[in-house]
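*Asks:* Quick one: the structure is below, questions incoming.
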Amino acid sequence: MPADPVFTLADLATWRRSGTSFAVLGHPIKHSISPPMQNAALALLARTDDRFADWRYFRFEIHPDDLPRALELLHAKKFLGVNLTVPHKIIAYDRIAEIDPAARPVGAVNTLRWSARGWQGFNTDGYGIAMAARETLGHDLAGTPVLLLGAGGAARGAGVECLQRGCASLWIANRTRENLDHLLEILAPLAGKIPVNGFAPNHPPANLPTGLLVVNATSAGLHESDPLPIELRALPRPAAVFDMIYNPPRTPLLRAAGELGLPHANGVSMLVHQGAKALEIWSGVPAEKTAATMSAAARAALGKYG
Ligand code: NDP
């Protein structure tokens, strides 16, 4: 059996494990590196605290149609925590008992915690991007002008985080105008005095500032043949470029940033920090204590799967 087998809904129906279990659900899930990352952190915690000795994290391939049944079974089998990845983060939002107030403007949950009343939902992706920008590029979202590429779920989470942390200004570029307008509408009530503007990636406005933190939250770059989500040379010189994609580790956008001599980083540290925050929610152990172990495990797993 491989170290991290992929389980299914049928496995869940007959699940008999007696220890404390965790699951990540996705479709597809086979490329998820959350199990090695979380299990490395759980092994670290178990070394000094017996409470964690039987805690294990598993991955499940769950079709969106089966998500309600999977969540029901996971709850009945008393899984303590669940992570949700594509495409479940938004679908699950309306199906759980309680939503953390901080996750409400995001409209999506990536972390669930068991309670007798039902699942409690959280979103740790925003924390992940904020920590990653600081750790890898030395940029706090607070006070920084940010250019967000994309208008899907990840962009929404990042946009909410930028505004909640008080970025200097928020610019959003997206291919499909309708999706861009929808995101701008969602973010407007959170903006306060922060200027928020949207534009088409091939028509950057003349008043874009220099020193932008460019954050790619599109899926352009997952495949070698994908187009660049934006032409960096057409922008006033940015301060740095962060790509949420981590596999492949060096996307065309990051290569372009390197060619221009711009500091740049991929999304592995975002994955690590959202994971460490999820474990904090389940265990009470501060995310800072497990992040380094998760990072080493994630990087090792990427080498294996990537
Ligand atoms: P969605 O499907 O919700 O959104 C996709 C976005 O990408 C849309 O804005 C879409 O634009 C845009 N897009 C897709 N293809 C192209 C293209 N060829 N050119 C330009 N734009 C394109 O996905 P998510 O928001 O959930 O995820 C986005 C990315 O973020 C993914 O790569 C995902 O792996 C990554 N991610 C990383 C995380 C991490 O921890 N590192 C966490 C979460 C996400 P349009 O509106 O025009 O269709």
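What follows is calculated from the coordinates using simple rules that are stated; it is not laboratory data. Note that the coordinates shown come from a computational prediction; the quantities given were computed from them, not determined experimentally. Here the Cβ is made from the backbone with ideal geometry for all residues, glycine too, and neighbour counts use every protein chain on show.
*Asks:* Computed FRET efficiency, Cβ-Cβ of Arg69 and Ser219, R0 22 Å: what is it to the nearest 0.05?
*Replies:* My answer for the efficiency is 0.20.
*Asks:* Let me ask something else about it. Tell me whether the range 23-78 comes out rounded, prolate or oblate; compute the Cα gyration tensor, take square roots of the eigenvalues as a ≥ b ≥ c, and use a/c under 1.5 as the rounded threshold.
*Replies:* Details: a/c = 5.55, a/b = 1.69, b/c = 3.29.
Oblate shape, in that a/c is at least 1.5 and b/c is the bigger or equal ratio.
*Asks:* Next question, about the same structure. Would you work out the Kirkwood radius for the range 126-266? I mean one over the mean of 1/r across all pairs of different Cα atoms, in Å. Each step should come with its number before you reach the end.
*Replies:* Values: mean 1/r = 0.0681 Å⁻¹.
For the range 126-266, inverting the mean 1/r across all distinct Cα pairs yields 14.7 Å.
*Asks:* For the chain, what percent of Cα pairs sit more than 26 Å apart?
*Replies:* Of the Cα pairs, 45 percent sit more than 26 Å apart.
*Asks:* Starting from the range 166-225, pick out the trypsin sites (Lys or Arg not before Pro) whose DSSP state is loop and whose Cβ has at most 12 other Cβ atoms within 10 Å.
*Replies:* Lys193
*Asks:* How much net charge surrounds Leu71 when only other residues with a Cβ under 12 Å from its Cβ are counted (Lys, Arg +1; Asp, Glu -1)?
*Replies:* 0
*Asks:* Further question on the same structure: Over the chain, calculate the relative contact order: mean separation of alpha carbon pairs under 8 Å at least 6 apart, over the residue count, as a percent.
*Replies:* Worked out over the chain, it gives 16 percent.
*Asks:* Are there GluC sites (Glu not before Pro) in the range 242-296 that DSSP puts in a loop and that have at most 16 other Cβ atoms within 10 Å, and which ones?
*Replies:* Taking the range 242-296 and a limit of 16 other Cβ atoms within 10 Å, no loop GluC sites (Glu not before Pro) are found.
*Asks:* How about the range 1-91: which trypsin sites (Lys or Arg not before Pro) there lie in a loop by DSSP and see at most 14 other Cβ atoms within 10 Å?
*Replies:* Sparse-neighbourhood loop trypsin sites (Lys or Arg not before Pro): Arg16, Arg17, Lys30, Lys78.
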